1. If amide hydrogens are placed 1.01 Å from N in the peptide plane, which non-local residues have theirs closer than 5 Å to the one on T99?
2. G252: net charge of surrounding residues, Cβ under 11 Å, Lys/Arg +1, Asp/Glu -1, itself excluded?
3. Note down, for region 359-476, the three equivalent ellipsoid semi-axes (square root of 5 times each alpha carbon gyration tensor eigenvalue), biggest first, whole angstrom.
4. Stokes-Einstein diffusion coefficient for region 499-539 at 37 °C in a medium of 0.692 mPa s, Rh from the Kirkwood formula over Cα pairs: what value in µm²/s?
5. Ordered by residue, what ³J(HN,Hα) values in Hz, to whole numbers, does region 128-145 give under the Karplus form 6.51 cos²θ - 1.76 cosθ + 1.60, where θ = phi - 60° and Gly and Pro are x?
6. Which whole-angstrom value gives the distance between the alpha carbon centres of region 318-334 and region 150-217?
7. How fast does region 170-260 diffuse by Stokes-Einstein, in µm²/s, taking the Kirkwood radius from C-alpha pairs at 20 °C and 1.002 mPa s?
8. Net charge around P171, counting only other residues with Cβ within less than 12 Å of its Cβ (Lys, Arg = +1; Asp, Glu = -1)?
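What follows is calculated from the coordinates using simple rules that are stated; it is not laboratory data. Bear in mind that the values here come from a model prediction, so they are computed numbers and not experimental data. Every residue, glycine as well, gets a Cβ built from its backbone with ideal geometry; the counts of neighbours run over all protein chains shown.
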Amino acid sequence: MEPAGVDANLNAIVAEPNVDTAKVVPPTPSQLPLTLSPPAAIYNVSSNAAVDADASSFTSAISVDERSIRHSVHSNGKLSSKAVKHTVFEYDEKGIVRTNSRSSRLNRSLVLCATAIALSSINYGWVIGSVNIPALVIEECSDGPVTWSAGFPSCLPMGATMWGLVVGLTPLGAWAGSMFSGVVADRIGRKRTLMANNAFFVAGALLTGTSTTISQLGVGRFVAGISCGVASNIVSTYNSEAATVKSRGFLGGFQQLMILIGLFMSQAVSIGLSNAPLWRVLFSISAVLAVLQTLLLFFVPESPKFLASKGRMEESQAALQRLRANMDITQEFDDLVEMAGLHVSASVSRPTLWQVLSGKTDVDLRHLVFCTLFLMLAQQWSGAKGVMFYSTEVLSSTFHLSSSEIKNIPSIAQLLTLGIGAIGAVAVVVGMTILDRVGRRTVLIVSALSTSICAALIVIGSKLDLGPMVATAMYLFNLVFQSGAGFIPYLSASELLPYSVLGSISGLAASVNCLTLFVVSFTFPILDKALGPYLFTPFIATNFITFLFGVFLMPEARGKSVAQVVVEFQGPVRLINRFPQSTSSSAGLAVEHQAVPTHTPV
């Protein structure tokens, strides 16, 4: 039914933009139907307004929460006040209702773009996972003595320390990539940075796939690591900037999910490519993924926030509309324009990294910066990446597989490794589902404590020489870790820090993450030889420290804006008060303008 007349109350809103829309009473049935003048006429329904109108008069008025209204209509033919609470009715020039993007969740366009961007994360997972299953074939020549075919050796024999260094060169390269990725992305954009980064993926794949010496294999792993570091930083940045407020938790875990999918894919393919010379093909597939993503990125818009921060408002608006297909982006884009203005103003006096770390800024961010860096450190010292890199060797030793059993592909160790990768991906989905319901802090506490317990079970099973117990504990270890402590760190920077310091601290956090991963990757095989059944003992302690951090220091960001988090947890590193007192703050942050309660330190 086409709207046919305009209420004077609505005309006043359209003509006077400063009118408080919260006080406007929606039209009564006698005043309907309406005629709305283009562009879109919008009114907000007060949360206290009582609406009891015939549902047929509202057949074209669909709220942000369509399901609530439709349920009410189907129940009794009426629209209740509960159904229209905080509803925004928006009509375009044709009288068609469009959802307000500010209150939207996931949509098809956003998911497709986030997936195309996250192909870099899949490639990251492929690179770190592809060395796991074929490790014994490459380093110990378990397929037989070295033979040459078409100028390539069947294997590259080396000791445990050298193999640990080769594997560890990937996170070392990732550290290098993470150090410059933020600067490059702030200059040329997130999408272009990922497109250029694919050249490193291709180069790394070609170097490792054609390796004739240990040094060439190591250089190839380092180059591939550079691309992993860039991907680790930029994918999370793009997805956090593209996400709506209500999809922030889901897309925050999306990167870790894609990494685990890439890891699982590499291990699944490894089952058939773990003999000589097919392990070279396994390493080379990374180049195919990079080329595929480069082609897809031509159809993905640049980050609207990045474009707005550069003053490219028309491009920013077009990019935001592509990410919010068939939605009204008026209010969200207004927020983006305001943010861009604040960002430009703040950039004139942007604090240095040392000023942020030392608390010499207008608002003391030391506690939040410490939490961001600690979470990225804790993600890698958990020992989870050691499981991803070396589970095949550990399980082969645990089950006392003979040389002939190891050659019999797939061996039980390889199949169990494949399952560990699969359960990790499932765990991330579970964690992403419950995160916005339970809260970041609670999920982290439960995840870290459970991971510590599982590490203890691995030690007990290894000491008692119970292979099934060790395998089960490894499965549980990866399950509980990936459901919380594995992906929450990727959310931390964008949820805890204002935009003015996000780039510098994100780069520092990524470098801390990669350096820790290098140490774990390099020392894991050495610890395996030195500690034997007690290999996971250090990880009992490190995960328990993460648990204590969650209990005493971790801020809760669920349902809060960055401004609220910053003001509530500003100040030096300290124990947090679980129930902060409400006070006022006049902190001049370049974030959101709203009064929020401050935090009272313990």
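1. D328
2. Numbers: positive: R248, R440; negative: D436, E495.
Summing Lys and Arg as +1 and Asp and Glu as -1 gives 0.
3. Calculated on Cα positions only, the semi-axes equal 36, 15, 14 Å.
4. Working: Rh = 12.0 Å.
Answer from the Stokes-Einstein relation: 273 µm²/s.
5. 3J(HN,Hα) across region 128-145, in whole Hz: 6, x, 6, 8, 5, 5, x, 4, 5, 5, 7, 8, 10, 6, 5, 7, x, x.
6. After rounding, the separation between the Cα centres reads 38 Å.
7. Values: Rh = 13.7 Å.
Translational D for this selection: 156 µm²/s.
8. Working: positive: R221, K385; negative: none.
Once positives and negatives cancel, what remains is +2.
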